[in-house]
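Contents: one structure, followed by commentary.
The values are calculated or read from the model by the stated rules, or taken from the named source; none is laboratory data. Note that the structure is a prediction, hence the values are computed from the model and not measured. Please note: Cβ atoms are built from the backbone with ideal geometry, for glycine as well, and neighbour counts cover all protein chains shown.
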Amino acid sequence: HTSHDSRSIDPAAKEMLRIADREGYATIWERYEKQQPQCSYGQLGTCCRICSMGPCRIDPFGDGPSHGVCGATADTIVARNLARMAAVGSSSHSDHGRKVALLLKAVANGSNTDYRIADPEKLVAVATRLGIPTDGREPAAIAGDVATVAIDCFGNQGEEPIVFMEKYMPKKRFQRLQDLEDTLYRTMGAKTGFLPRAIDREAVDILHRTHFGCDHDPLSLVAQSVRCSLSDGWGGSLIATELQDILLGSPTIKPVKANLGVLEAESVNVVVHGHEPILSAKVVEMAQSAACRAAAEAVGAKRVNVVGLCCTGNEVLLRQGVGMAGNESHSELAIMTGAVDAMVVDVQCIYPALADLASCFHTRFITTSEQAKIPGALHIQFEEQEADAIATHIIKTAIDAFPNRNKARVYIPQHTSTAIVGFTVEEILKALGGTPQPLIDLIVKGTIKGVAGIVGCNNVKVQQDFFHRTLTEELIKRDILVIGTGCWAIAAAKSGLMDLPARDLAGPGLRAVCGQLGIPPVLHMGSCVDCSRMLNLAGTLADHLQVDISDLPLVGSAPEWTTEKAVAIGTYFVGSGIPVHLWPLPPILGGPEVTKILTSDAKDVLGGWFFVEEDPVVTADRMEQIIMERRAALGI
Ligand code: NFS
């Protein structure tokens, strides 16, 4: 075994890993060791399994074959694999968004009465942005129109760009992408689009063009990856965020607790894990019902304590102030506490290993989506039109499990940190007095040098939270405001970086600003679909200054990234004009041309590009350097 300390920097994780070793529970870390050495062709992206003449592998050192059986080069293979990752990642975010759009439609036409329009103000704001009339109209009528526009973004068969992108993307960026299409058409004679036509279409386009014998041109494959990813960031994810705010309420700034210490020895503990707050928000709501409270008391529990993991945890954290049990690598550790009565999951980022692990305990591991079934789990299908009843049934299942809890095996590591969360664009603007101008002034003066957006997961190849925490600390030290989402945000919350005293870790400029505004130096903007909030913030600044996003001192990072969704996010940041750092290595280095396009050519074409770096301090240096170069170009 590697030592506990090399697996995680989180104190709660270290305690739980000691128990895992003692009890012999398998973990991601242990299974990772058993996978060594991992395939280097896979790491470089140069294995192809697309047709049955393969699988083919291209030797990166030039010793073996240089072409697949069909003649595909390393660059073709790498670009196709990358495009498929972008398509899967975009589809995951966007399919989530689709469900929210369909639910808004159902609420608007009265066919769903378990949900309601929780934030009419946000509804009017979204409708206004989309050019939908609101004056004197009933919320349901407006909501119906908003839902129709959103649904149309998925399946429209026209050639014009999707409406949400057109209405939300800052003008200069939209123009640049449009001009780019014309330029590439003129110079390459190729029809290469960057503006997505429909969300579903761009993903299907990738499935088609990466079929045997279609697109073999690395540039064209990368361009379509960008278009598909943009349909996620300015389409599917944006729709998820905006419509969830309408249906579930917009997040507000509030303090919460983060880490495994949010589990309660005396209560029925329900962990919601996955991504869709349509489910998790209901579980939180129903846990407070008189019936559930009475049922919990009847089995001798203090109450039903719902806590979150991963992005659905972020959703209920932001809106309902629910405690956060942890990020991706915490999911097994939560069950090992022996204090989880039910873990309720929907879609995405759920280890199948959780089913086996839960069976070592009294824990009910409950799947709820037909898109994410897991052998060994108890499946309770979630249906939006019976949301209240099904959420109640789920909680009762947890309550029924509570008496089977073996108290002698319960160990809850007593670690929590306070985090101030809920920094949506609306809340940031409110804190600034209603306009982005004060933030712009601070950046112009250099009090804040720029803004870094950090996203992404945990990855067993990186000590858990180490890169997230070190990079974040290094950036705020350099007077760079850090914003972000996803499992990074959970890492930051657990590390105390989202609490007010963390301002003492910031440079003098940022520290003063935090003191003045009463905010932490590191801002939680939400779940991974809420990366759209970061795009929106960037867009708000760009439009206010009448510049492109790529002119602004902004930079992104996905340290500890794991999933295909992270590929989509990184790619739509780049396509939106934001340079993005990545670690671990993306599986592209076996394709020299693809690597050059993404790390160098993209700079001129899109204004955003990728760079790879293993050391967090060097990463912070490079991010600062990018910010300083952009400041210089703006003459500030
Ligand atoms: Ni984002 Fe969020 Fe976490 Fe990674 Fe998964 S939960 S959607 S993909 S692992 S940050």
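Against the condition over 21 Å from Pro196 (Cβ atoms) and touching a helix residue (DSSP H, G or I) at 6+ places or on another chain (Cβ under 6 Å), how does Leu130 come out, does it pass? For Leu130, the condition - over 21 Å from Pro196 (Cβ atoms) and touching a helix residue (DSSP H, G or I) at 6+ places or on another chain (Cβ under 6 Å) - is not met. Look at (1) modelled with pLDDT of 95 or more; (2) touching a Pro at 6+ places or on another chain (Cβ under 6 Å) and you find that Ala372 fails only one, number (2).
Screening Glu276, Glu266 for residues that are acidic (Asp, Glu) and crowded, with 24+ Cβ neighbours inside 10 Å leaves exactly one candidate, Glu276.
Which of the following residues is more than 16 Å from the ligand (Cβ to nearest atom), under 18 Å from Pro255 (Cα atoms), crowded, with 24+ Cβ neighbours inside 10 Å and of a type outside the set (D, E, K, R): Leu497, Leu510? If you could, list the steps in order and put the result at the bottom.
Numbers: Leu510 fails: under 18 Å from Pro255 (Cα atoms).
Answer to the check: Leu497.
Restricting attention to the range 556-615, and to residues there that are of a type in the set (Ser, Thr, Tyr) and within 16 Å of the ligand (Cβ to nearest atom), which single residue is nearest to Tyr32 (Cα to Cα)? The selected residue is Thr562. Within the range 55-75, the set of residues being of a type in the set (A, V, I, L, M, F, W, C) and assigned to a loop (DSSP other than H, G, I, E, B) comprises Ile58, Phe61, Val69, Cys70, Ala72. Considering the range 389-496, the qualifying helices (runs of 4 or more DSSP H), each wholly inside and each with 1 or more residues that are at pLDDT 95 or above and within 24 Å of Ala566 (Cβ to Cβ), run over 425-431, 466-477, 486-494. For the range 60-78, enumerate the residues that are in contact (Cβ under 8 Å) with a residue 40 or more places away in the chain and farther than 23 Å from Gln224 by Cα. Result: Pro60, single match. Check the range 19-26 and report whether any residue there is assigned to a helix (DSSP H, G or I), closer than 13 Å to Gly590 by Cβ, of a type in the set (Val, Ile, Thr) and touching a residue at least 40 places away in the same chain (Cβ under 8 Å). Among the residues of the range 19-26, not one is assigned to a helix (DSSP H, G or I), closer than 13 Å to Gly590 by Cβ, of a type in the set (Val, Ile, Thr) and touching a residue at least 40 places away in the same chain (Cβ under 8 Å), which makes the answer no. If you filter the range 292-307 down to residues that are charged (D, E, K, R) and not in a helix (DSSP H, G or I), you find that the one that is surrounded by the most Cβ atoms within 10 Å (Cβ to Cβ) is Arg303. Looking at Ser329, Ser289, Ser267, Ser280, just one residue is within 12 Å of the ligand (Cβ to nearest atom), of a type in the set (S, T, N, Q) and at pLDDT 95 or above, and that residue is Ser329. From the list Leu180, Leu123, the one residue that fits, being modelled with pLDDT of 95 or more, of a type in the set (A, V, I, L, M, F, W, C) and in a helix (DSSP H, G or I), is Leu123.
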